[in-house]
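Everything on this sheet refers to the single structure shown next.
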Amino acid sequence: MPMVGGKESSNERSPNGSATTKNFPDLESVMFSCYPITLKFIDVCYRLKLESKNSSSPCSIKGILSDPTGTSRTKSTPEERTILNGITGMVSPGEILAILGPSGSGKSTLLNALAGRLHAPGLTGTVLDNGLKLNKAVQRRTGFVTQDDVLYPHLTVRETLVFCALLRLPDSLSKNEKIRVAESVITELGLGKCENRIIGNSFIRGVSGGERKRVSIGHEMLLNPSLLFLDEPTSGLDSTAAYRLVSALESLAQKGKTIVTSMHQPASRVYQMFNSVLVLSEGRCIYYGKGSDAMNYFGSIGFSPSFPVNPADFLVDLANGVFQPDGTSETDKPNLKQTLISSYNNLLAPKVKAACMDTIPIMTNGSKTKLAMESHGSKSPNKESQRSINSGSNSSWFNQFTILLLRSLKERRHESFNSLRVFQVIVAALLAGAMWWHSDIRNIQDRLGLLFFIAIFWGVFPAFNSVFTFPQERAVFIKERSSGMYTLSPYFMARAIGDIPMELILPTVFTTIAYWMTGLKPELGAFLSTMGVLLGYVLVAQGLGLALGAIIMDAKQASTVVTVTMLVFVLTGGFYVHKVPACMAWIKYTSITFYCYRLFIYIQYGEGHSIWFLLGCSQGSNRYSLSCKFVEKDLEGQIHPIMLESALSRLLEGRDIFGEPVSDSLSSSIAEVYAKLWSQLQLLLKRMLMVTRAGSTNKFSLSQAAPMNNKSGDVEKLKELY
């Protein structure tokens with residue numbers, strides 16, 4: 001199997017027996033080309049301004065209560081905290097630079113600054129790649145592995161890397177070539193044994209922690225980066241898994257790559273793999289140099305252990321200001337850190353800065369890099385290979401949409417069709433069918449209860465399921481967007497279109513079971529109309545959940561808001577209360593449950609003419625019966641079905657209004673969402689009020705026919721009026 005920058009022949013074959021890169025020149029240039037990068041950083045400082053804890057804002061409740069007049073209020077002076085202070089060093093191709101230090105010493109901040117991910121006014125200093133400042137060309141050759149493994153849990157290792165390859169690699173490579181790159185990364189990182197197992201998470205059993213971390217590294221290795229940053233890759237791993245992971249990094253470094261990683265407390269055999277070590281203590285450097293020379297340096301300034309210890313443990317103890325000489329009790333001296341910082345500034349810092357300020361690469365490092373590249377068969381970065389690696393942008397819009405749609409379907413098939421959800425829907429359908437078994441059309445109260453139950457169930461169920469979508473996928477979305485895997489629009493369109501078949505199958509099953517069991521209108525047209533209204537209603541409810549989840553971006557808060565919103569919709573749906581106060585009557589026109597419920601009634605009873613005469617409500621003696629009351633309150637004088645369908649379609653269009661800022665809630669203003677929604681709501685309310693006024697003045701009321709005798713002549717008059 002061809003290795004990235006390795007020395008295996010291109011005439012070999014992959015495990016599946018297909019041809020290797022010999023017949024694919026573009027693939028060969030991507031997999032074998034190496035562009036060595038020497039990283040230098042000089043006097044990197046980062047200061048963060050913090051608001052004073054004692055100062056209160058004039059507009060805050062605390063500030064108003066403490067000083068209502070505002071006379072004693074003084075202008076708050078922000079405090080300044082130093083995160084990094086004068087960090088200098090360098091790392092050459094073929095080397096691993098390990099950044100050591102206790103928690104809070106600034107390791108992750110330094111990594112972000114060196115990788116060009118930290119953009120803040122308090123950041124100063126110089127970061128050079130091959131003597132030049134950071135630019136887009138270098139950043140395209142840079143990989144960054146975060147501390148947390150942000151991956152889709154239901155995808156397998158192979159699917160995760162293949163989808164990433166299809167999205168990140170340029171269009172100059174064919175689909176088979178991109179898949180071949182993913183296979184080579186799987187082989188190189190030792191993931192062949194678990195390539196068909198799902199990733200998993202804390203709730204789903206999947207691959208081990210070390211394998212999951214190697215998958216995260218594989219995400220970045222697909223582009224064959226020349227400079228790789230890793231933020232504490234061994235956190236949470238046992239010593240064996242950590243050793244295997246660092247061994248994989250060492251093999252990558254031997255192929256001419258530059259690797260910078262932060263380590264919390266590595267084992268002794270892991271420490272021996274580091275070429276250079278940088279030790280931080282409260283944002284200051286206390287050592288930079290070869291890892292093998294660290295113990296000799298600290299021994300020369302009077303800090304040597306009384307017994308053999310792990311060098312990494314000893315360095316972290318010193319960074320914490322803890323030193324235990326001659327077996328005495330442990331001491332924690334604040335001035336110990338100042339002693340170490342002063343020793344470094346006097347002894348090592350001038351030499352390190354002189355080496356970094358030299359524009360000509362050090363001969364030993366240069367010869368070492370050249371020797372490593374030649375011994376491993378790495379090709380020089382000629383213009384043709386550089387063009388093949390970085391030419392063009394990522395995949396086209398349609399290609400991104402297709403890949404994201406396929407990935408969404410594979411990832412969410414476990415969520416949409418899990419046994420618990422299917423069981424819930426089928427039990428609800430069977431229970432409704434048993435409770436309303438072949439209900440009589442004249443039992444209007446029971447029929448209306450059934451229709452409202454369907455509206456409630458399929459309003460709350462999809463809204464609650466979709467409200468957690470974007471809060472749960474936020475971390476993955478931010479990571480993939482920051483790496484340039486895709487743009488916003490194909491992600492949202494793939495998610496929206498992919499949800500349609502996934503979310504509409506269960507409502508179809510529910511309607512098919514419950515409709516015929518309950519004995520609703522036995523006509524195919526009525527059944528299909530009910531199905532269409534319900535499916536559109538489900539999409540609207542799902543869009544509402546997506547919108548609230550994306551605007552709030554907190555699962556608990558979003559679920560609370562959805563609960564209150566759906567409660568308002570249910571109460572104003574038109575079943576529980578008919579005589580709503582005039583000041584609150586407008587709320588029902590914002591309720592999606594109201595439109596769905598009214599359309600269900602119209603499909604089953606029309607405008608109520610036939611059931612009015614079937615129940616004998618035109619006779620004075622039956623006019624005040626309970627069923628006739630339901631006819632007057634629920635069937636008579638309702639909004640025209642065309643307007644109901646228009647309102648429901650408006651709300652369905654509102655799903656797109658919600659959806660676009662949903663995905664872009666990180667980059668667009670929420671105020672624009674509310675402005676669009678409010679304009680749609682105002683237009684909808686105006687149309688509803690116009691229809692209501694027209695109906696109150698022009699429409700004939702069924703109650704006006706009650707005093708009339710039930711004679712053939714009167715019936716003909718009624719027909720003419722209708």
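Near Phe144, the amide H atoms lying under 5 Å from its own belong to Phe229; only residues 5 or more places off or on other chains count, and H is placed 1.01 Å from N.
Listed values for region 430-436 are Karplus-derived 3J(HN,Hα) couplings in whole Hz (6.51 cos²θ - 1.76 cosθ + 1.60, θ = phi - 60°), namely 5, 5, 5, x, 6, 5, 10, and x replaces Gly and Pro. You can think of it this way: the chain between Asn345 and Val568 has 73.6 nm of extra reach, that is 0.36 nm per residue less the Cα-Cα gap. Scaled against the 2.2 N^0.38 Å expected of a compact globular protein of N residues, the Cα radius of gyration of region 173-221 reads 1.21. Here the 3J(HN,Hα) profile of region 156-167, calculated from phi with Karplus coefficients 6.51, -1.76 and 1.60 at θ = phi - 60°, is 6, 4, 5, 4, 4, 6, 5, 4, 5, 5, 5, 8 Hz, Gly and Pro shown as x. The label-point distance for Asn310 and Leu50, in a model that sets each label 7 Å from Cα toward Cβ, rounds to 3.0 nm. As a proxy for reagent exposure, ranking Cys583, Cys356 by other Cβ atoms within 10 Å from fewest up yields Cys583, Cys356. Per-residue Karplus couplings for region 468-485, computed as 6.51 cos²θ - 1.76 cosθ + 1.60 with θ equal to phi - 60°, are listed in order as 8, 5, 6, x, 6, 8, 4, 5, 5, 4, 5, 5, 6, 5, 5, 8, x, 5 Hz, Gly and Pro entered as x.
With a ≥ b ≥ c taken as the square roots of the eigenvalues of the C-alpha gyration tensor of region 489-618, please select rounded if a/c is under 1.5 and otherwise prolate if a/b is larger than b/c or oblate if it is not? Here region 489-618 falls in the oblate category. What shape does region 267-317 take by its C-alpha gyration tensor, where a ≥ b ≥ c are the square roots of the eigenvalues and a/c under 1.5 counts as rounded, a/b above b/c as prolate, and the rest as oblate? In terms of gyration-tensor shape, rounded. Fully extending the segment from Val427 to Leu134 would add 99.5 nm, taking 0.36 nm per residue of separation and subtracting the current Cα-Cα distance.
Going by the alpha-carbon gyration tensor, a ≥ b ≥ c the square roots of its eigenvalues, is region 173-331 rounded (a/c under 1.5) or, if a/c is not under 1.5, prolate (a/b greater than b/c) versus oblate?
Prolate, because a/c is 1.5 or more and a/b exceeds b/c.
Mind giving me the FRET efficiency for Ser239 and Glu523? R0 is 51 Å, r the Cβ-Cβ distance, nearest 0.05 is fine. Numbers along the way, then the final one.
Working: r = 71 Å, r/R0 = 1.40.
Computed FRET efficiency for Ser239 and Glu523 comes out at 0.10.
Asn201 sits among other residues whose Cβ lies under 14 Å from its own Cβ, and their net charge, with Lys and Arg +1 and Asp and Glu -1, is -2.
The packing ranking, built from the mean of other Cβ atoms within 10 Å per residue, places the peptides 243-252, 458-467 in the order 458-467, 243-252, highest first.
Counting neighbouring Cβ atoms within 10 Å and putting the fewest first, the residues Trp436, Trp586 line up as Trp586, Trp436. Can you pull the one-decimal nm distance between simple spin-label points at Leu406 and Asn296, each 7 Å off the Cα toward Cβ? Placing both labels 7 Å along Cα→Cβ, they lie 5.6 nm apart. Can you flag which of Lys290/Lys351; Lys40/Lys290; Lys193/Lys255; Lys107/Lys136 are past 22 Å Cα-Cα? Table pairs above 22 Å Cα-Cα are Lys193/Lys255; Lys107/Lys136.
Every number in this text was worked out from the coordinates using simple rules, so none of it is lab data. Owing to the predicted nature of the structure, the values given are computational and were not obtained by experimental measurement. Cβ atoms come from the backbone with ideal geometry, glycine included; neighbour counts cover every protein chain shown.
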